[in-house]
1. Would you check which residues across the stretch A:147-176 are within 9 Å of chain C (Cβ to nearest Cβ) and open to solvent by less than 10 Å² (accessible area, probe 1.4 Å) and list them?
2. Considering only residues that are in a loop (DSSP other than H, G, I, E, B) and in contact with a Lys or Arg (Cβ under 8 Å, 6 or more places away or on another chain), look in the stretch A:57-95 and name the one that is surrounded by the fewest Cβ atoms within 10 Å (Cβ to Cβ).
3. Just to be sure, is C:S146 at pLDDT below 85 and either under 19 Å from the mean Cα position of the chain (by Cα) or polar (S, T, N, Q) (or both)?
4. From the list C:I303, C:I341, which one is in contact (Cβ under 8 Å) with a residue 12 or more places away in the chain and either assigned by TED's automatic domain parsing to the domain that holds C:Q84 or over 17 Å from C:T382 (Cβ atoms) (or both)?
5. Quick one: how many residues across the stretch C:111-141 are over 26 Å from C:R290 (Cα atoms) and either of a type in the set (V, I, T) or open to solvent by less than 10 Å² (accessible area, probe 1.4 Å) (or both)?
6. Residues being in a helix (DSSP H, G or I), farther than 22 Å from C:V321 by Cα and open to solvent by 70 Å² or more (accessible area, probe 1.4 Å): count how many of those fall in the stretch C:20-59.
7. Kindly provide the set of residues from the stretch A:100-117 that are assigned to a helix (DSSP H, G or I), facing chain B (nearest Cβ under 9 Å) and surrounded by fewer than 22 Cβ atoms within 10 Å (Cβ to Cβ), ordered by number.
8. Please determine, by comparing only the residues of the stretch B:252-305 that are among the polar types (S, T, N, Q) and part of a helix (DSSP H, G or I), which one is farthest from the other protein chains (Cβ to nearest Cβ).
Amino acid sequence: MTYFFIIIYSITLVYFALSERVKKFIVLLAIQGVLLFGIVFFNLGQVALGEFLFVLVETIVVKSVVIPIFLNKVRRNNGLKRVHETEIPVFYSIIVVTVMLMGSFFVSNYLHNEQIHTKFFTVAIASVFFGIYFIIIHKNVFSHLVGYLIIENGIFLLSLAVGSEIPMLVNFAVLLDVLMGVLVIGIFMNRVSDRFQSTSIDELAKLKD
Amino acid sequence: MVWIGVISMILAALIFPGITAIIKAKVGGRKAPPLLQPVYDVVRLFKKGAVYSATTGLIFRIAPLVYFASVVAVLLLIPFGGQKGILSFAGDFVFFAYLLALGKFMMIVAAMDTGSGFEGMGANREALYSMLVEPAFFILMGSLALFAGSISFYDLYLSLHIQTHLSYLTAVTAIYVLAYIAMVENSRLPVDDPKTHLELTMVHEVMVLDYSGFDLALINISNWLKFSIFGTLIANFLLPFYLPHYAQILLFFLIQFGFATVVGGLESFRARNKMAKNPQFIITLSAIAILVFLTALIITEKFSLN
Amino acid sequence: MLEYYFLLALAISGLMILFKNRTFNQVACTLFALLQIGVVVFAYLHAKETDALYFKYDMLGILLTAVLSILTPITFYHSYLYLQRYSPEIGRQSIYWAALVILITAMTGAYFAENVALLWVCIEVTTLCVTVLVFHDRSKTSLEASWKYLFISSVGVAIAFMGILFLTAVSVESGPKSLNFTDLIANAHTMNATWIKIAFILVLTGFSIKLSIFPLFAAAIDAKTVAPSPANALLSSALVSVGFVGIFRFYAIIAHTDADLWARNVLMITGLISIFLAAVQLFRVKRFTRMYALSTMEHAGIICLALFAGGIGYYAAVLHVVLHSFVKAGLFYQLGQSNYIYKSIWIKDSGAYFKINPLGALVVMLGFFSIVAIPPSGLFVTEFLIFKTLFLQKHYLISIVALILLTAILFQIARFLFHLLFEKNPEQLHDTDFNINKAENIAPFLLFVLAAYLGYSPPGFFVNMINSAIAIIQ
């Protein structure tokens, strides 16, 4: 069942490359949150209630409810509809994301490490790299935030892959930190668009000496 | 049973365009045409002679025949209801794809033969889209072949009925991809709009502008047959092969009807893609097909993941 | 104990934002500065003990926290001056203070963090605070800089988290389940070298923005270009130490594996590239803040080279971090004064500082000698030690290239600072146009002297602290 969610997760990555509407990005992020919950849920063995609740809060509440709602607010605030500024045509992006997915699947195939759950590794690496790629090709601060969140989702999967032993309290601090980071980035994005009347990063190039 | 399959497919092909037209009329609030109106039109066309432009040559005249013949030959390859097709051999799906490609190639060459700028443009687009859609089809079939451990249509479908969550996922994605491949192959929405009246925005329609009478009728019939063929490919994913024959045939027509309805609905509600967006739309199909392939690798445990 | 410190700091900053009262801000800051010193004393008395579950008072942490605690009251005083001079509305002032307090708290947490993930958390918190501080004057450039810093730092730190996760993978493989640095170092020799190499590269990339070295230096430089000068004093000193702590602790793990030599080479390459890029960029700077930021980058590069040298180089590295913190902070405090006088951070607007503000000019002069490591400076000692080690190990090419680059940097810094000191007065300013308290110059002056003193004749307990700080590597 885990593979089921992993494959759907990789399909969402393809659609990230395909879509050019800001609204779709938000929906896809929300879907990814639910998928992450599915992935974790079918992997918890005999689970403590606290752990389960934490995962529930982290994936469903934060990743697929709080952050998308917040992003939607930011989107409406800035009147964002479409992202025109991709530097590379979508056609090539789709090829790139496919190559990334294949690459990361094959890498995890050849990993042969007992300690690492390579099934999560497959899509985690692809997600991180695709997030970075997403940031590079877009010239819009909103899309940059979306790319950051894709990276975060990839890191979440990675933490499953390595079966992280991070204590719950610290885990909670990490979650809180990331959430704060997203909120602050969103607030700053509002500032940027108020100030520069645009969310394109071309405006943000005055500091060079 | 084997011949019943072929006859069912031909019957489905005859009613398919009618159903689509009725759906579109209903959704658009118009009075629906009779179910067999497209058939009547074709019969009328058969009664007419053909007019050929003075600049065209032999290729232009034989292209519709080759096209028709290739599609009819393809019809014989398709398995139906858990039975082998009339022609069934290892690697027949490759033969399938290239028979279709042969027909298409003839149409493209014929369009170039007319020397019309519009037709050349249409041929160009058609060639591009066919080229892009080809990897999707082969990757999809390749992943199914991986399941089956065999490379003939018949085995591909039989092996799909392993009951795991992932094979459901593969089936759904495969149907999705196949449905869109059918749309691209038949030049329907969202890649091409058969109803457009502007040559600049046409793809397939502009290629056959110079045909008339008998030739046009052949081309139309071939198009219907292609729809029916792809519909059968999809239906084979869904048909439970353990049912009795009559139930399977009934289900087959239901699925074809459903497919026609979906096509009609899609064409009523959806606008055509921008021309520039078509390639990326089609390459997405390949990307998803690759994911199906990766899934197949996981299911067949060619990947050692833990 | 440390958890009360965190709670108190949170309470103080929360109340400052809530009350928006000038007097309250001052009282609260004084309290916090005292609290900060209290933490150092407490930590020193409880050295090598674990506190608040995931923190440990190790010597490196105590040393750097002590530096931070010395800088804290001075920074508060200069921030007070800064806010008085430009007097923004009280809400913004309170936000500034609150962010400063949280930043100092988070940095303290990062110094003492024993759990790898907790170190990450503290570093991420510093990112958010720095963003707020950089955005202080609400101008377009500050918005740009803070946005870039926030975003690149978040992504970078996320990448560092990947490194931490890989480290988890190998640590689980080799036995201990905990992610404490002590356990990790103790079990380092059993770890799989490939994974730990990947982890080290990722962590180095992620924390490079804090240490302001290659590859993610650009956003850090931009942030330091526009940040208010008192905040800048902390960003260029204590925050660099945070990056150093992060990288140093990971290096301590990898130093116990077969990949030790490899890691040192990576550090050498990063260091050299950083020095090179700093030197190149120094040729086209137009702002004092940017010049100092690039100088920080150069010194961070030297610190990487010191880690590469090993042996006595480790000692020099820690000493360099400490001394550079004092010197750079002193320069930024003084820069606040000259910015106020010329009402500009641009080099072209400055000149004749010796005539306008002789005492301040003297401090700049002293600071100049200190930062470029000319003998009265304490940094001379550390750089001498580093290059001596490099030469002894026969890394001639590396040291010569680095020395040439340092010379170019010295030339550029001299050119810009002498422009400030000796060029003709650009706007015919008179010393009646502004109000400078002569006491402002005491703190930077003392910091330079302290740096020289610690460099040339370090007291015994100080040497012992450094030696036990670097003991985890050997």
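1. To start, the set of residues in the stretch A:147-176 that are within 9 Å of chain C (Cβ to nearest Cβ) comprises A:147-148, A:151-152, A:154-155, A:158-159, A:161-167, A:169-171, A:173-174, A:176.
Scanning the stretch A:147-176 gives A:G147, A:Y148, A:I151, A:G154, A:I155, A:L158, A:A161, A:V162, A:V170.
2. Just the residues of the stretch A:57-95 that are in a loop (DSSP other than H, G, I, E, B), to begin with: A:79-81, A:83-89.
Now restrict to residues that are in contact with a Lys or Arg (Cβ under 8 Å, 6 or more places away or on another chain): A:81, A:83, A:85-87.
Working: A:K81: 11, A:V83: 21, A:E85: 15, A:T86: 17, A:E87: 9.
If we take residues in the stretch A:57-95 being in a loop (DSSP other than H, G, I, E, B) and in contact with a Lys or Arg (Cβ under 8 Å, 6 or more places away or on another chain), then A:E87 is surrounded by the fewest Cβ atoms within 10 Å (Cβ to Cβ).
3. No, not satisfied.
4. Numbers: C:I303 fails: either assigned by TED's automatic domain parsing to the domain that holds C:Q84 or over 17 Å from C:T382 (Cβ atoms) (or both).
Answer to the check: C:I341.
5. 9
6. 8
7. Step one: list which residues in the stretch A:100-117 are assigned to a helix (DSSP H, G or I), which gives A:100-109.
Then drop every residue that is not facing chain B (nearest Cβ under 9 Å), which leaves A:101-102, A:105-106, A:108-109.
Listed by number, the residues that qualify are A:M102, A:F106, A:N109.
8. Just the residues of the stretch B:252-305 that are among the polar types (S, T, N, Q), to begin with: B:256, B:261, B:268, B:273, B:278, B:280, B:284, B:286, B:295, B:300, B:304.
Still in the list and also part of a helix (DSSP H, G or I): B:256, B:261, B:268, B:278, B:280, B:284, B:286, B:295.
Working: B:Q256: 27, B:T261: 25, B:S268: 22, B:N278: 10, B:Q280: 4, B:T284: 5, B:S286: 7, B:T295: 5 Å.
Of everything passing the filter in the stretch B:252-305, B:Q256 is farthest from the other protein chains (Cβ to nearest Cβ).
The values are calculated or read from the model by the stated rules, or taken from the named source; none is laboratory data. Computed from a prediction, not measured in an experiment: that's the story for all the values here. Quick reminder, even Gly has a Cβ in these numbers, built from the backbone with ideal geometry, and neighbours come from all protein chains shown. Calculation scope for accessible area: heavy atoms of the full protein, side chains included, ligands and nucleic acids excluded. Shrake-Rupley method; radii C 1.70, N 1.55, O 1.52, S 1.80 Å.
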